[in-house]
Amino acid sequence: MFSVEVYAKIRRAVLVDGMTRREAARFFGVHRNTISKMLAYPVPPGYRRKTPRVSVKLAGFTEHIDAMIEGDRAMGAKQRHTAKRMFERLRDEHGYTGGLTIVHEYVRGKKRRSQEVFVPLSHRPGHAQADFGEAEALLAGRRVKIYYLCIDIPHSDACFVKAYLGEVAEAWCDGHVDAFAFFGGVPRSILYDNSKRLVAQILGDGRRERAKLFSELQSHYLFEDKFGRPAKGNDKGKVEGLVGFARRNFMVPMPVADDIDDLNAQLLDKCTKRQQAVLRGETLSIGERLQADQAVFMPLPAVPYDPCHKVPGRVSSMSLVRYRTNDYSVPTQHAYQDVLIKGYVDRVEIMAASRSAAGWVKTLTSSCLNKSFRHA
């Protein structure tokens, strides 16, 4: 190995003083191939092996190891070959006579080269990520499981969190409507996982067939939807982090509220106060950085989306309307009439046109405790 000083002398003699490579080889006592290498590198590059070193004893068995590693990709993480188990199979099934150490070194190098690589991400203003989380809350003195929607704006770290009693398609849509109003605009794109409430089917070529309610929401607000790879939570790491942050900071200790609306009022207040925070590595607060997002958000439509499942129905001879296996009663004078059923996340509305007036609406809460009629 030649020193840097020798490299400098030879490179100067050839590249500056005009000495030929043959003359330099003769003058410095160095092979011409070495002269060519010195001209290509300003400092000694060191020895570089063209192919990975494989033990002579292991040379004829690497294909068996590669096959075991490849086969393990279809197995669960707890039922894959260890290097020791590979060594035992090579010895017992293929007549391997080498040691365990060289098998272990080969397996370690092979797995290291196939590991997934991550790079830091930078986020442009005006885009969002969304996901659901789970927690528990004390509502009206009763401990219940809640599902909360998190929408994160990665550029500014602004967040929106809203809780529901179930992770249903209507909750997804209702949360989006409130989040857009909270942020003051519609993000250019939103990144999701492959929830069945959003994606009805993943086709063979990777395209997604959207669920009907979600397609209506997207058509109303015109944002672009993006979906991460199945089982790859790191594709939307910002909102995954928000799900954990909201659970640790907004719901510890366990939140206490009169009902789900009271709980959401508390969560909205926490999201608003968080905009005053200045995160590590930043000089501006979340609210100040949110202004850059709002500048490129799409404007809100004149009328917000009606986040409900709409289906036609007909009143039976017993003044009942069936919706999702449940029967709801309506006034007897509306028997045999066609109705429009609107299922929200927290209530069901049944609407019909009367003969002379604008019509009527029957509203039922999810608990069916508050039944009221109102004229539309």
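Residues of segment 171-228 that are over 23 Å from residue 146 (Cα atoms) and of a type in the set (Asp, Glu): 205, 209, 216, 224, 225.
Filter segment 344-361 down to residues that are part of a strand (DSSP E or B) and within 17 Å of residue 315 (Cβ to Cβ) and give me whichever is modelled with the lowest pLDDT.
Taking segment 344-361 and keeping what is part of a strand (DSSP E or B), we get 347-352, 360-361.
After this cut, where a residue has to be within 17 Å of residue 315 (Cβ to Cβ) as well, the list is 348-352, 360-361.
Details: 348: 89, 349: 89, 350: 88, 351: 85, 352: 77, 360: 51, 361: 55.
Among those that are part of a strand (DSSP E or B) and within 17 Å of residue 315 (Cβ to Cβ), it is 360.
When residue 344 is tested against (1) under 30 Å from residue 183 (Cα atoms); (2) touching a Phe, Trp or Tyr at 6+ places or on another chain (Cβ under 6 Å), only condition (2) is not met.
Being at pLDDT below 90 and in contact with a helix residue (DSSP H, G or I) (Cβ under 8 Å, 6 or more places away or on another chain) is true for just one of 1, 38, 68, 75. Which residue is that? Spell out the reasoning first.
Working: 1 fails: in contact with a helix residue (DSSP H, G or I) (Cβ under 8 Å, 6 or more places away or on another chain); 68 fails: at pLDDT below 90; 75 fails: in contact with a helix residue (DSSP H, G or I) (Cβ under 8 Å, 6 or more places away or on another chain).
Selected residue: 38, the only one of 1, 38, 68, 75 that is at pLDDT below 90 and in contact with a helix residue (DSSP H, G or I) (Cβ under 8 Å, 6 or more places away or on another chain).
Residue 63 meets each of the listed conditions (1) without any contact (Cβ under 8 Å) to a residue 24 or more places away in the chain; (2) under 30 Å from residue 188 (Cα atoms) apart from (2).
Here residue 232 does not fit the description of being surrounded by fewer than 17 Cβ atoms within 10 Å (Cβ to Cβ), of a type in the set (D, E, K, R), in contact with a strand residue (DSSP E or B) (Cβ under 9 Å, 6 or more places away or on another chain) and free of Cβ contacts under 8 Å to residues at least 24 places away in the same chain.
Which residues, counting only those in segment 62-81, are part of a loop (DSSP other than H, G, I, E, B) and either within 13 Å of residue 110 (Cα to Cα) or not assigned by TED's automatic domain parsing to the domain that holds residue 94 (or both)? Give the steps one after another, and end with the answer.
Here is the first cut: in segment 62-81, the ones part of a loop (DSSP other than H, G, I, E, B) are 73-76, 80-81.
If the condition is that a residue be part of a loop (DSSP other than H, G, I, E, B) and either within 13 Å of residue 110 (Cα to Cα) or not assigned by TED's automatic domain parsing to the domain that holds residue 94 (or both), then no residue fits.
Number of residues in segment 4-20 that are surrounded by 12 or more Cβ atoms within 10 Å (Cβ to Cβ) and either among the hydrophobic types (A, V, I, L, M, F, W, C) or modelled with pLDDT of 90 or more (or both) equals 7.
Might you check whether a residue that is modelled with pLDDT of 95 or more and touching a Ser or Thr at 6+ places or on another chain (Cβ under 9 Å) occurs anywhere in segment 262-269? No, the conditions are met nowhere in segment 262-269. Among the residues of segment 167-184, what is the count of those that are in a loop (DSSP other than H, G, I, E, B) and touching a strand residue (DSSP E or B) at 6+ places or on another chain (Cβ under 6 Å)? The total comes to 1. The residues of segment 140-166 that are under 21 Å from residue 256 (Cα atoms), touching a residue at least 60 places away in the same chain (Cβ under 8 Å) and assigned to a loop (DSSP other than H, G, I, E, B), listed by number, are 140, 165, 166. Restricted to segment 51-65, and to residues there that are among the hydrophobic types (A, V, I, L, M, F, W, C) and exposed (fewer than 11 other Cβ atoms within 10 Å of the Cβ), the residue that is modelled with the lowest pLDDT is 56. Residues in segment 107-139 that are modelled with pLDDT of 95 or more and either in a loop (DSSP other than H, G, I, E, B) or over 18 Å from the mean Cα position of the chain (by Cα) (or both): 125, 126, 135, 136, 137, 138, 139. Scanning segment 83-110 for residues that are exposed (fewer than 14 other Cβ atoms within 10 Å of the Cβ) and among the hydroxyl-bearing types (Ser, Thr, Tyr) gives 97, 101. If you go through segment 284-307 and keep only what is exposed (fewer than 13 other Cβ atoms within 10 Å of the Cβ), closer than 17 Å to residue 123 by Cβ and more than 25 Å from the chain's Cα centre (by Cα), you end up with nothing. Selection over segment 263-301 of residues that are free of Cβ contacts under 8 Å to residues at least 40 places away in the same chain and closer than 25 Å to residue 346 by Cβ gives a count of 4.
The combined condition, being assigned to a helix (DSSP H, G or I), over 30 Å from residue 251 (Cα atoms) and among the small types (Gly, Ala, Ser), is not fulfilled by residue 98.
The values are calculated or read from the model by the stated rules, or taken from the named source; none is laboratory data. Note that the coordinates shown come from a computational prediction; the quantities given were computed from them, not determined experimentally. Every residue, glycine as well, gets a Cβ built from its backbone with ideal geometry; the counts of neighbours run over all protein chains shown.
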